1. Rounded to the nearest 500, what is the protein assembly as shown's calculated 222 nm mean residue ellipticity when only DSSP H runs of at least 4 contribute -39500 (n - 2.57) each, over all residues?
2. Which net charge results when you count Lys and Arg as +1 and Asp and Glu as -1 among the other residues whose beta-carbon is under 15 Å from that of B:F902?
3. Shielding of A:39-50 by partners, i.e. mean partner chain Cβ atoms within 10 Å per residue?
4. Can you tell me the relative contact order of chain B? Whole percent, Cα pairs under 8 Å, sequence separation 6 or more.
5. Work out from phi, with θ = phi - 60° and the Karplus expression 6.51 cos²θ - 1.76 cosθ + 1.60, the ³J(HN,Hα) of each residue of the stretch B:815-827, listed in order in whole Hz, and give x for Gly and Pro.
6. If we count every other residue with Cβ under 11 angstrom of B:T651's Cβ, Lys/Arg +1 and Asp/Glu -1, where does the sum land?
7. Once you place label points 7 Å from the Cα toward the Cβ at B:S943 and B:K112, how far apart are they in nm?
8. Set Lys and Arg Cβ to +1 and Asp and Glu Cβ to -1, take the dipole of the stretch A:2-81 about its Cα centre, and tell me which of A:Y81, A:N6, A:Y54 lies farthest positive.
Amino acid sequence: MVKLINKNIEMEYGINNTPLAFRINGKWLPVSQVLDIWKDTGIWWDGESEKTFYRVNTPEGSLFELYRDSVSRSWFLYRVYD
Amino acid sequence: MSFVHLHVHSPFSFLDGAGRIEEMVTSASAAGMPSLALTDHNNLCGAILFSGLAKKAGIKPITGVEITLGDDSHLTLLAKNPDGYTNLCRILSAAHLGNPRQTPRTTEETLKAYSSNLAALSGCRKGRIPRLILKGNYRVAEETAQTFADIFGRENFFIEMQQDFLPGSRFLNRALDNLASHRRLKTAATNNVHYVTKEQFKIHDLLTCVRTLTKLEEIHPERRLNAENYLKSPAEMAQIFGDYPQAVTNTLAIAEMCQPALETGNRLFPAFPDIPPGETAAGYLRKLTFKGARERYRYLPRQVTSRLDHELDIICRLGFEDYFLLVWDAANYARREKIRYAGRGSAADSAVAYCLYITEVDSIARNLLFERFMSLERAQTPDIDIDFDSRHRDRVSAYLYKKYGADRVATVCTYNTFRARSAFRDLAKAMDFPAAEIDRLAKKLPYIQADQIDLAVERFPELRESGIDAPGFRDLLDYCAAVSGFPRFIGTHLGGIVVSRCPLSDVTPLQEAAKGIVVTQYDKEFIEDIGLVKLDLLSLRTMAAIEDTTLTIRETGSSFDYETIPLDDKATFAMLNKGETIGVFQLESPAQRALQSRLGASEMEDIIASVAIIRPGPIKGNMVEPFIARRQGKEPVTYLHPKLEPILKKTYGVVLFQEQVIEIATAIAGFTPGEADHLRRVMTHARSHREMAGIGADFIKKAAANGVSTEVAETIFSYITGYASYGFCEAHAAAFATTAYKTAYIIKHYPAHFFASVLSHQPMGFYDSNTLCVEARRRGVTILPPDINLSRECFTVDANTIRISLRQIKGVKDNSLEKILTAREKGPFKSFDDFLKRVHTDRNVLENLICCGAFDSLHSNRKQLLWAIPATGSKGNTGELSLTDNTVTLPPVPDFTPQEKFNMEYEILGIDVTSHFMSHWRSRLNPRGFLNSMNLAAAKTGSPVKVAGLPVRPHRPPTRTGKIAAFFSLEDEFGLIDITVFEKTYQEFGKLLFTRPVPPLQVWGTLQQRGNGFSIIARKIFRLQ
C-alpha cells in the first residue's frame, strides 16, 4: 500500500544533500539506506522547479520517498510505503 | 581529473539535440577536455562541421554515431581511424538503404562485416544490455555483452554507464558494473548529452514534443524526466560517478585509441572511363577543347590558344581533367539527345568550358577572369552548374548513374532548418496554442530566421498589429530563437549530384530521401570537404518553355532557330526600353521592369549589367543610380585611380561584378589571386564584419605599398564593402543575360507561342497564370476557354490565340487526362451524353469541366449539365461514375449568371477567361476618378492619382538606407501598375499588403515617371470597396 503525503518536513542531511534523518509526527526517523535517487523537472513550463527524490528506508524497514525542492530548498515527505 | 564525453547528440539528431555544435565544442574546450565525440542518431551529418570546429578549438574530434539495431535498441560506435570511419559509413548506408525510409536498422550481420577499427559502447537505457537488465534478464544481458565483445573485440567493447538520475539508475549501474567485472570488460561513463547547458533542457523537451507530436501537457515515453543530459564538466562527472572512478578514467583511454577519422583533401571523383587507347585524360581533354575551339572560333588566334593553354594548364595541374571530361560527357549526352541546356555560374568564366559546349558564354570575347572560376592558389573544387530542360534533367542524371554505376552516384542532400515560420508553428503547437491562432500568426511571419522575429516585429506593422508580441507569446518567441537554424529533416538538393571513384558508401553514409532518391548525408558544403565534387544538374522550366516555343513556332512552317536569334534586334531592345518585360527570363520583376524603362539598353552588355545590378549587393552599395546616369551619359565616368579604368570601363566605373572585385584587389593592393578570392568569398557570403575589417586593413596597407594613397584605397575599399553580399559573377550574369535577351526576342516576335509555353510550365518566373494572360492579352493575344474537343494537355496556339489546356483545370491529373485524350482520338465528343458514354471519370473532375466551360461548345447551360450528373448514377463511394445510362435527360433549369460563371472559372482555372475581375469594378471606379494601367500615362507626372487592382507579389527588398520600402503591382484588366510604398506609408498601411490572401486594393498616391516607365508612390492604401 502506498500513501501519498506530499508534506513539508524537517530534514537532517549530509554531503550532496544526502538525507540522514527526517521528522515525522514529531519523531525523528534515521535513514538507514538511500535506495535510489532521481530528479524530476516537473511542469517546467508552468514555473515548477526541479525536485530531487530519494527512496530511503529506516532501521525498522519502512520505505519512504522524500524530495527536495531545488528552489525553496525545502524537504517534503512524498510517499510512504506500508 | 579529466574526462571525455563519448556519447553526444547535436541538433543533427533531428529534433533530439538542442545544443549547437559550436557551443558544444567551445564548452568542452573550456572545460579542458582533450577530446569530444559526436554520436548522433544513425547519421554523420554533423561530423564534418564538428571535426573542423573541434580541431580549431584544439581538441581531438571523435567521429561516432548512435545506431539503432533490429530490436530498436541503441549502440554507440566510435571510429578509431579513417578505416573505422569507412565502416561507419557502410554500416549506416546498409541500415538506411536496407530498411524502409526513416527507420534505419543495423543487423548483427552488418556489424560483424564492418566491425573493424571501431570502438563500441553498450548504449544508453535503450541499449540492448541495459534493457535486458532492467527487465530482470541479467543472464541474457551477459550473453549479449559477450556477443558484442566477440564482434568488436574485447578491447574495443565497453559497458556504458550513465548517471542520469532516473529512477533505477543506481540499480542499473551496479548491475552493469557487476556484468563488466564478471565478463572482464571495461566500463565507460557517459552522459548521453543532448544539450550543452542545463537550461537548454526546455528546448530539448519542446523539440521532443515536436518529434513525437505531443503537447507539453501530454506524457510521452520519449520525453525525459529531468535536465541531466547536459555537457557536464569533468568534475561533475567525477562526482556523480564517485562509486565508479574507473569508468571515468576509461573515457580518456578510449579517446586515446580514437584518432581523427575524417580525411579531407582527397580526390574522389572518378577517372573518365572513355579515354581512347594510348591517350591520357589531359591529352584527351586538350583534344576535345581544341576541336570545340575550332568549331566555336573557326580559326584560332594566339589570344585564344594561349588562353586555352593557360586554362588547361591550371585544370590539369590541379588534377581536374577527369572532372571536366565527366561534365563534358554529361553535356555532350544532352546535346546528342537534343535536351536543351545552358551552363551557368562561374564556369562561364572558362574558355575551356565554352569550347566543350558546357557553357554558351565566350569568356575570351568578354575578357572574363578565369581565376574567378579556378586558380592554382585557391585550388578549390570547381563548381559547374548546368540548367536543363526541366522535363529531361532526370535523363541526364540517369545517364551518369548508368555510366558510373548506381553505387557511385548519388544526389546531394539538403538540411531543412527551422526558420521563423516553421519554428513558430511547431513550437506553438507543442505549447498548445490554439491552432487557428498559430495559423493566423505564422502566415504573417516573413521568410526570416527564427531568431529575427523580434526584429521583424519592430519593423513590420502587420506583425505588430497581429499581436505576436503579446506577453503570452514571449516565451515562445525566445524558444523560436533558440532553435533557429536547427536541422529538422534531410531533403534532396534540387540538382546537385556527386560521382565517386569508389563506392559512395565508403566515404559518406547514404540514405533514402522522399521519392526514393538516394542522397548523401552530407550537404553541398560538407560533401566537398571529403573530396567529392558536386555537379549541379539543375532543372529549369524556362528551358522547357523555350523548347516548346521553338517547336510550336516551327510547326507553323517557320525556320525559326533559337540558337541563331540575332543579338541586336532593334524591336526587342525597343520593347525592353519600355519596360515591357513580363515573362522575360530574369528581367520581369518590378525592379527590373523599372530599370529597363530607364536604362535604354541597346546591346547585350546592357542586359548583362541589368541581370547583375538588381541584386542586394549593388542596391545596398548605391550603384544603381550612378550606373544608369553614367550609362545615359548624364554623369561623367570617373575612376578613383587610373588602375581602375581597364577593370571598370565596361560598367562605367561602377563595381558590378565579382570578377571586378578580384581584379581591383589585385591591381590596387597587389593581392595574390588567392587573397583576392578570399576577399570575394568573405564579401559574397556576408561573413563577419570583423573578418571584413581585417581584410580592409590589409587592403589599405598593401595598396599603400603599391603606391596608392591611403585615402583613395579607403574609398575604393568602402565601395567594395558597400557591394558586399550577393553580387553576381559576370560569367553567371552573361549566361543568364543570353537567355534573358532571347526570351525577350521571342516575346516580341512570337508572344502567343511563348506565353502558351510559359503557361504550360507553371509555376515558373515571377507571375502567376492570370497575370501572364493579362500580359498576353495586352500584346493582342486572345485567350480562349478550355474546350473538351479542342483543348489539349498543354496550352495550344492557333494564329494569335491561346487555348487553355485541360491540365489547367483543377483536378485534371494524368489519369483523367489520358482517358479524355484517348477517347477523343476516336473522334470529337458529339454531346455531353457522348462524353459520359466514352469517358469514365471522377465526379469532381466532371463538375470542374462543366463549371469552367469546357462543355460550353456542346451544351451552353452549365447548370443543366451539373443536374445531369446525378442522373447517371455513381459507383459506391469512390466518386467514379458508372455510366450505363445513355439517355440522360437534362432538367429545364436556368443557367448560372455571368458573375457566377466568372467566379467558377477563376476558382477552377486560376485565370479570368472572359473578363478580368477589375473590369467588373470599372463602371464604379471611373466616376470616382480612378485611373487604370492603360490611361495612367496620360496623367501628369507628380499629380495625385487613384488606382485599384489585385495586388501582385508584394515584397520588401533590402534598401540602400536600410529603411523599409515595399513594392508591389496592381493588376487590372489592362496590365500592371507598379506601386512603391515608403517607410511612413508602409508603417500605416503595410498590414494590408502582407496578409493572406491579399485583398483587392485601392491606392492613392503620386504618379511618378522615370524613363519610359510609370509608377505610383503610395500615400494611402485601402481595401477596394
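1. On the way: 42 runs with 441 residues, N = 1107.
After summing the helix terms and dividing by residue count, I get -12000 deg cm²/dmol.
2. Values: positive: B:R862, B:K863, B:K901, B:R922; negative: B:D856, B:D895, B:E900, B:E905, B:E907, B:D912, B:E973.
Neighbourhood net charge equals -3.
3. Values: counts 9, 6, 9, 2, 2, 6, 10, 2, 0, 0, 0, 6.
Per residue, the number of nearby Cβ atoms from other chains is 4 on average.
4. 9
5. 4, 5, 4, 4, 4, 5, 5, 5, 4, 6, 4, 8, x
6. Numbers: positive: B:R630, B:R631, B:K649, B:K650; negative: B:E605, B:D606, B:E659, B:E730.
Taking every other residue near B:T651 into account, the sum is 0.
7. 9.1
8. After comparing all options, I get A:Y81.
The values are calculated or read from the model by the stated rules, or taken from the named source; none is laboratory data. Since we're looking at a predicted model, the values are computed, not measured. We place every Cβ from the backbone using ideal geometry, glycine too, and count neighbours over all the protein chains shown. Side chains included, ligands, DNA and RNA excluded: accessible areas come from the protein's heavy atoms. Shrake-Rupley method; radii C 1.70, N 1.55, O 1.52, S 1.80 Å.
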